[in-house]
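Worksheet: one structure, shown below.
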Amino acid sequence: MSNMKKTHRSIQVRNGEPFVIDLEANPTTGYQWNPSFPAGKLRLVQRVAVPASAHLGTAGVERFTFEALESGEVEIRFDYKRAWEASPIQQQIVLVHVS
């Protein structure tokens, strides 16, 4: 897993308001982003794949809409992998500051 690409970023959001995280993806390859976060701090409202174009096989984004449930700091870890594989090929960590 040492070759896995890992990215960190942080965002500022307001408590109770929805916010969106877009991650580049190509679901036609079998890969998808799998979010993990502490229950009770955030709620996943919606998850949709948004293609870059109408052509089959083109990349796009996976759009995650969350709602913050309490003030403070929370980390969301996204693993990019196929359902049948144990290890992700990519990981995004988003630190969310909720005010």
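Each reported figure results from applying straightforward, stated rules to the coordinates on display, with no laboratory input. Everything numeric in this text was worked out from a predicted model, so none of it was measured. As a convention, Cβ positions derive from the backbone with ideal geometry for all residues, glycine included, and neighbour counts pool all protein chains shown.
If you place +1 on the Cβ of every Lys and Arg and -1 on the Cβ of every Asp and Glu, how big does the dipole about the Cα centre of the chain come out, in debye to the nearest 20? Intermediate values should be presented prior to the final figure.
Numbers: 11 positive and 10 negative charges, 32 e Å.
It comes to approximately 160 debye.
On a straight-distance basis, which aspartates and glutamates could pair with residue 81 in a cross-link, Cα separation under 20 angstrom, same-chain partners fewer than 8 positions away excluded?
Correct list for residue 81: 22, 24, 62.
Give the residue from 93, 64, 12 lying farthest towards the positive end of the charge dipole for the chain; charges sit on Cβ (+1 for Lys and Arg, -1 for Asp and Glu) and the dipole is referred to the Cα centre.
It is 93, whose Cα lies furthest towards the positive end.
Can you give me the distance in nm between label points at residue 93 and residue 46, each placed 7 Å from the Cα along the Cα-to-Cβ direction?
3.0
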